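The values are calculated or read from the model by the stated rules, or taken from the named source; none is laboratory data. Owing to the predicted nature of the structure, the values given are computational and were not obtained by experimental measurement. Cβ coordinates were reconstructed from backbone atoms using ideal geometry, including for glycine residues, and neighbour counts include every protein chain displayed. Note: accessible area is taken over every heavy atom of the protein model, side chains too, but ligands, DNA and RNA are not part of it. Shrake-Rupley method; radii C 1.70, N 1.55, O 1.52, S 1.80 Å.
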Amino acid sequence: MSANISLDNTPHPPVKHCADKVNARYRHGRPDSELVPSRYALRVGEIDVMVISDGVLSLPGAMLGHNVDPAVRAAWLNDMFLPPDVLEWALNAVVVRSGERTILIDAGMGMEFPDLPRSGKLVQRLEAAGIDLASMTDVVLTHLHMDHCGGLLVDGVRDRLRPDLRVHLAAAEAKFWEAPDFSRVSMPPGFPDALRRTAKNFLKEYQSRLRPFENEYEVALGVLVTRTGGHTPGHSVVRLASGGDRLTFAGDAVFQVGFEHPDWYNGFEHDPEEATRVRVRLLRELAANRESLVATHLSFPSVCHVAVDGDVFRWVPGPWEY
């Protein structure tokens with residue numbers, strides 16, 4: 001495993017600067033939002049799975065690894081044919097149908113950060129996929145960062161959800177956001193305040209529907225949510241298993257750079273050392289089991305496998321199934 005530990009204290013540019021810089025690359029404009037791929041369906045045994053794109057976040061490239069030398073990080077980005085300063089981070093959520101349960105795993109950004117106009121597409125894209133909000137029996141939140149729960153705070157959404165909806169969240173996550181610690185993160189200006197505000201609002205709005213769990217909970221047959229910690233104290237992953245097939249939705253435990261450089265600290269990690277341990281442990285398990293992986297910020301539709309590559313890992317994209 002690499003060990004390029006060298007704290008980068010370069011200030012992050014504002015998010016609006018990042019978004020404007022990305023938009024400037026498209027001199028001929030952008031396609032309509034529904035002319036780009038926004039959903040991808042697959043099956044895990046008898047479980048139906050649909051990956052839904054909530055759009056993208058335009059964020060500083062330094063957030064991929066703020067504990068490494070900027071030149072080392074820039075070289076990796078160059079090798080990946082990515083710009084050195086501003087990246088488009090995918091936002092993926094998942095809808096799972098197991099038996100009579102229809103489960104939304106994470107809920108996207110919503111309108112919680114207006115300088116990121118190309119995110120917050122989840123409700124629109126659920127509707128385009130023919131999925132009624134009222135059909136959801138459960139929501140699983142990997143954690144309470146605003147790009148995972150904000151979609152449920154969009155005006156009118158709560159009233160369209162069924163009254164007996166169950167929202168599953170690690171108890172440690174709800175506890176953390178009573179007085180969150182941001183001392184170890186490296187975020188663009190405005191993000192900490194927005195994250196605090198969103199988590200507080202979510203816990204207030206959905207308190208009566210919360211079903212907190214300690215370490216793990218079986219939401220439906222073959223759908224197990226397990227707390228990992230690290231990224232946030234209550235960060236969780238969702239493991240699907242049916243008929244010998246397996247898939248893990250890893251939330252923010254795995255980022256694009258985390259295969260080759262699992263020890264690079266992501267700017268959103270509240271406990272970077274523990275997040276690294278969680279990432280390595282999970283990637284080793286996925287490689288050994290040869291199961292599929294989906295993660296929030298891997299390029300849509302993000303379905304992939306993990307291979308061991310010496311003392312680190314290799315990302316193996318899954319074939320697009322027609």
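For the range 73-98, a residue qualifies if it is in a loop (DSSP other than H, G, I, E, B) and touching a Cys at 6+ places or on another chain (Cβ under 9 Å), and exactly one does: D85. State yes or no: is V257 in contact with a Ser or Thr (Cβ under 7 Å, 6 or more places away or on another chain) and not small (G, A, S)? For V257, the condition - in contact with a Ser or Thr (Cβ under 7 Å, 6 or more places away or on another chain) and not small (G, A, S) - is not met. Between residues in the range 118-147 that are charged (D, E, K, R) and residues that are open to solvent by 30 Å² or more (accessible area, probe 1.4 Å), which pairs lie under 6 Å by C-beta distance while being six or more apart or on different chains? Close Cβ pairs satisfying both conditions: R118/V56; D138/R101; D138/R166.
Okay, residues lined up against (1) of a type in the set (K, R); (2) buried (at least 24 other Cβ atoms within 10 Å of the Cβ); (3) touching a residue at least 24 places away in the same chain (Cβ under 8 Å):
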| site | (1), (2), (3) |
| --- | --- |
| H270 | no, no, yes |
| A275 | no, yes, yes |
| V280 | no, no, yes |
| N289 | no, no, yes |
| S292 | no, no, yes |
| L298 | no, no, yes |
| H305 | no, no, no |
| F313 | no, no, yes |
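Do you know which residues across the range 206-236 are open to solvent by less than 10 Å² (accessible area, probe 1.4 Å) and part of a loop (DSSP other than H, G, I, E, B)? Those that are open to solvent by less than 10 Å² (accessible area, probe 1.4 Å) and part of a loop (DSSP other than H, G, I, E, B): Y206, G229, G230, H231, T232, G234, H235.
Can you confirm whether A41 is under 28 Å from C149 (Cβ atoms), touching a strand residue (DSSP E or B) at 6+ places or on another chain (Cβ under 9 Å) and open to solvent by 10 Å² or more (accessible area, probe 1.4 Å)? For A41, the condition - under 28 Å from C149 (Cβ atoms), touching a strand residue (DSSP E or B) at 6+ places or on another chain (Cβ under 9 Å) and open to solvent by 10 Å² or more (accessible area, probe 1.4 Å) - is met. Residues in the range 97-153 that are closer than 22 Å to L240 by Cβ and of a type in the set (S, T, Y): S98, T102, S135, T137, T142. Remark: pairs (first residue in the range 226-254, basic (K, R); second residue outside any loop (DSSP other than H, G, I, E, B) and open to solvent by 20 Å² or more (accessible area, probe 1.4 Å); Cβ separation under 6 Å; 6+ apart in sequence or on different chains) = R239/L224. Among the residues of this structure, E321 counts as one that is in contact (Cβ under 8 Å) with a residue 12 or more places away in the chain and either over 16 Å from the mean Cα position of the chain (by Cα) or open to solvent by 40 Å² or more (accessible area, probe 1.4 Å) (or both). When the range 68-87 is filtered for residues that are buried (at least 19 other Cβ atoms within 10 Å of the Cβ) and in contact with a Ser or Thr (Cβ under 8 Å, 6 or more places away or on another chain), the ones remaining, listed by number, are V68, V86, L87.
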